[in-house]
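Following: one structure in structure tokens, then a few remarks.
The values are calculated or read from the model by the stated rules, or taken from the named source; none is laboratory data. Every value quoted in this text rests on a predicted model; they were computed, and no experiment measured them. Cβ placement follows ideal geometry from the backbone for every residue including glycine, while neighbour counts extend to all protein chains displayed. Remember, those area values only see protein heavy atoms, side chains included, never the ligands or the DNA or RNA. Shrake-Rupley method; radii C 1.70, N 1.55, O 1.52, S 1.80 Å.
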Amino acid sequence: MFDSVRVRLTAWYSAVLAVVLVLVSTTTYFIVRKTSMQRTDSDLQVLADSFLVTLRAELSDESSAEALGILPAARQSMLEHRSNSDAFAVLRPNGEIIATSTDDTLPGGSVARSEAALARTFTSNDFQRYLKIAEGKESSLETIRGEHARFRAHSRQFKADGQNYVLIVLHSLRSQYEVLETIRLTFVWMILAGLLLAGTGGYILARRSMAPVVAMGAQAKRIGATNLHERLPVVNANDELGQLATIFNELLNRLDQSFERQRQFIADASHELRTPLAILRGEAEVAMSQQGRTAEDYLESLGILHDETTRLIKIVEDLFTLTRADSGQYPLSQEDVYLEEVVADCAHSARTLARDKNIELSVDAASECLVHGDETLLRRMILNLLDNAIKYTAEGGRVGVACRVTGSGVEVHVTDTGMGIPPELHSRIFERFFRADPARARSGREGGAGLGLSIALWIAQAHHGRLELIRSDGTGSHFALYFPASVVACATTD
């Protein structure tokens, strides 16, 4: 599924959008939660201040304070501040509870007890732990867990009748957490809806954007050796796809010219060879068919045969000279050469062959590798290795070329995931005219004269280097080219 560029683009776009939405939603949620908690803390402090003001007003009644102490004043203050979501407790510093708003003896306490969880919170373990935390503090704010809900607790120390007391105010967070839960669900549904809409729209947009690429791919697939004159359509030459189509068309132009030169070469060679061969055959047939010919007639026929044979040999020698020139078999033209650039250029040239077979071609030529040699021959050698690797690698395989400097010189490695070479043939792969699979060569599909590796070996040896087969099995082959340090050092001193 992820082989499609459209799907990958949509997936990446949706993933980035999801991350952004989740970050925004999470940040907003925690800001709202923090703000709500701060508002609750502020309300608790105000409520505690108001309760203490009322308590002190009740304590100003001397008869009540002397007769019953702080208890009547505390109960009266709790009645005036009763609420379904709030509860009060007055304690001694040692934790002894003097009065609570959930006390059964409190007049009108049934109203305050409508939130039953508040009454049970004063006896919970969390409340006792909170008392230990708040002990000795002038004021504290903590969240404690009740039986079925959470509560925000605020403690405040105060003095009455010359004694120290502690006021604790509890506020139920149930409504606050319900609002936060609603916000969470809203964000979840908004994120899901946004991703669905964005993913659908992104896929449609990617599909429309990639439609020209699909069209170019279909057109390129139809182009072969017989119709290289056809070209890809260029809708807009100024955008990226138009530039890609233009470059591909230029590549087709070069391929067409190469094919044309190849066809012309074959036609010229066939024509040049056909004429002397026809003359040789004609003269031989005449000499054999006529009776009573004189010695002069035979000498004349033999002269014609000699001349045409000489011409034929000259043509063959010329063709062989062209073959040797194509393989780089001519005197070296020594100069300083950046081998990593040669490797990169060769890989770039080989990408066309690799692309035709859907082969991944990787290049690792980042380090500077300066050698002294014939650039034309070096290029030919690396191209031979890459061509051999691509030729014997199945569609969808991988070919890699790497160039690096080592302590002993410069190395070039060419690897592939092809079918490999049988172990018994490893010692013969550099022989001229040797082919590991003669049947394939005779079929004309991927065959050659069997000179590629032998030419590459000759070029390596001409540069005082070595070309070795490191590994070749069912997982592929690995060729290594070694240039000695003397060749590298020569490049730095010349």
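Worth pointing out:
- Selected residue [open to solvent by 20 Å² or more (accessible area, probe 1.4 Å), of a type in the set (Asp, Glu) and modelled with pLDDT of 85 or more] from Glu178, Glu135: Glu178
Okay, residues lined up against (1) touching a helix residue (DSSP H, G or I) at 6+ places or on another chain (Cβ under 9 Å); (2) open to solvent by less than 50 Å² (accessible area, probe 1.4 Å); (3) at pLDDT below 90:
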site: Asp3; (1), (2), (3): no, no, yes
site: Ala11; (1), (2), (3): yes, yes, yes
site: Val20; (1), (2), (3): no, no, no
site: Ser25; (1), (2), (3): yes, yes, no
site: Thr35; (1), (2), (3): no, no, no
site: Gln38; (1), (2), (3): no, no, no
site: Ser42; (1), (2), (3): no, no, no
site: Leu47; (1), (2), (3): no, yes, no
site: Thr54; (1), (2), (3): yes, yes, yes
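- Extreme residue, modelled with the highest pLDDT, among residues of region 402-421 that are surrounded by fewer than 22 Cβ atoms within 10 Å (Cβ to Cβ) and in a loop (DSSP other than H, G, I, E, B): Thr417
- For region 379-401, the candidate set comprises residues that are over 14 Å from Arg355 (Cα atoms) and of a type in the set (D, E, K, R); within that set, the residue that is least open to solvent (accessible area, probe 1.4 Å) is Arg379.
- Enumeration of residues in region 422-458 that are over 39 Å from the mean Cα position of the chain (by Cα), open to solvent by 50 Å² or more (accessible area, probe 1.4 Å) and at pLDDT 80 or above: Glu424, Ser427, Arg428
- Filter result for Leu106 (at pLDDT below 80, farther than 26 Å from Leu180 by Cα and open to solvent by less than 80 Å² (accessible area, probe 1.4 Å)): yes
- Odd one out for Gln334 among (1) surrounded by fewer than 17 Cβ atoms within 10 Å (Cβ to Cβ); (2) at pLDDT 85 or above; (3) of a type in the set (S, T, N, Q): (2)
- Pair list, Cβ under 8 Å, 6 or more apart: region 24-46 residue more than 11 Å from Leu180 (Cα to Cα), other residue open to solvent by 80 Å² or more (accessible area, probe 1.4 Å) and of a type in the set (A, V, I, L, M, F, W, C): Ser25/Met190
- One residue stands out in region 351-380 among those that are in a helix (DSSP H, G or I) and within 24 Å of the chain's Cα centre (by Cα): the one that is farthest from Val405 (Cα to Cα), namely Asp356.
- Cβ-Cβ contacts under 9 Å between residues 6 or more apart (or on different chains), taken from a first residue in region 153-167 that is within 13 Å of Ser140 (Cα to Cα) and modelled with pLDDT under 85 to a second residue that is open to solvent by 10 Å² or more (accessible area, probe 1.4 Å) and of a type in the set (A, V, I, L, M, F, W, C), are absent.
- If only residues of region 138-169 that are within 20 Å of Arg75 (Cβ to Cβ) and charged (D, E, K, R) are counted, the one that is most open to solvent (accessible area, probe 1.4 Å) is Lys159.
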